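Novice: The following block contains the structure, expressed as structure tokens.
The values are calculated or read from the model by the stated rules, or taken from the named source; none is laboratory data. These numbers were taken from a predicted model, which means no experiment stands behind them. Ideal geometry is used to build each Cβ from the backbone, glycine not excepted, and the neighbour counts take in all protein chains shown. Just so you know, the surface numbers come from the protein's heavy atoms only, side chains and all, with ligands and any DNA or RNA stripped out. Shrake-Rupley method; radii C 1.70, N 1.55, O 1.52, S 1.80 Å.
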Amino acid sequence: IMSTSSVFGIFFDFFSTRFWPNARYNLFLKLTFITTIGLPILFLVFPKSVPIFLIGMAIWGAYYEFRGFASYSFIQKHVTKEQHTSSWATLNAFSAIAYLVGPLLAVVLIEKSESFVLSTALGMFVLALVLYLSTKKQIG
């Protein structure tokens, strides 16, 4: 089931250039937020079943690709070539921290209930969306 996200991501990579050949990071960031917020909603609303988990993993695969496209597009547009390496290093360092802290925090939160960890994640994603929207004009 978990490999569904990778398989979907591979197909998504091949077909995304047809749908968004000249898209900017703003579009990819919006799609990232939609898929990010959609995943916990999917698991909170629908009963647990194999098809729901497969849909969830496909959403996760899309999220991962959208996030990568948004990062690449943002760095290409806003960062000089000389700063690309340090920008990617900074971005990857923060991603690695999130991938370390996220599962640790999930273990603590899941002890309360599965819906609590999903609701907390949803709240954090909505907070990130609000922060993005409040700073969007400053970024350009």
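Novice: Pick from region 116-140 the residues that are of a type in the set (Ser, Thr, Tyr) and surrounded by 11 or more Cβ atoms within 10 Å (Cβ to Cβ): which of them is nearest to residue 48 (Cα to Cα)? Walk me through how you get there before you give the answer.
Specialist: Narrowing region 116-140 to residues of a type in the set (Ser, Thr, Tyr): 119-120, 132, 134-135.
This time we only want the ones that are surrounded by 11 or more Cβ atoms within 10 Å (Cβ to Cβ), so: 119-120, 132.
Values: 119: 16, 120: 19, 132: 31 Å.
Here the residue is 119.
Novice: Cβ-Cβ below 6 Å, separation at least six or inter-chain, first residue in region 127-139 and over 20 Å from residue 75 (Cβ atoms), second modelled with pLDDT of 85 or more: which pairs?
Specialist: 129/33
Novice: Whether any residue in region 45-64 is in contact with a helix residue (DSSP H, G or I) (Cβ under 8 Å, 6 or more places away or on another chain), over 20 Å from residue 12 (Cβ atoms) and of a type in the set (A, V, I, L, M) is what I want to check.
Specialist: no
Novice: Could you check, for region 91-102, whether at least one of its residues is touching a helix residue (DSSP H, G or I) at 6+ places or on another chain (Cβ under 7 Å), in contact (Cβ under 8 Å) with a residue 12 or more places away in the chain and under 19 Å from residue 31 (Cβ atoms)?
Specialist: The first filter runs over region 91-102 and keeps only residues touching a helix residue (DSSP H, G or I) at 6+ places or on another chain (Cβ under 7 Å), leaving 91.
Next cut, in contact (Cβ under 8 Å) with a residue 12 or more places away in the chain only: 91.
Okay, now just the ones that are also under 19 Å from residue 31 (Cβ atoms), so 91.
Yes, the conditions are met somewhere in region 91-102.
Novice: Please indicate, with yes or no, whether at least one residue in region 48-62 is touching an Asp or Glu at 6+ places or on another chain (Cβ under 9 Å), touching a residue at least 24 places away in the same chain (Cβ under 8 Å), of a type outside the set (A, V, I, L, M) and farther than 24 Å from residue 132 by Cα.
Specialist: No: zero hits.
Novice: Contact list please: Cβ distance under 6 Å, first residue in region 11-37 and touching a residue at least 60 places away in the same chain (Cβ under 8 Å), second residue open to solvent by 30 Å² or more (accessible area, probe 1.4 Å) and hydrophobic (A, V, I, L, M, F, W, C), pairs at least six apart or on different chains.
Specialist: Correct list of pairs: 33/129; 36/125; 37/125.
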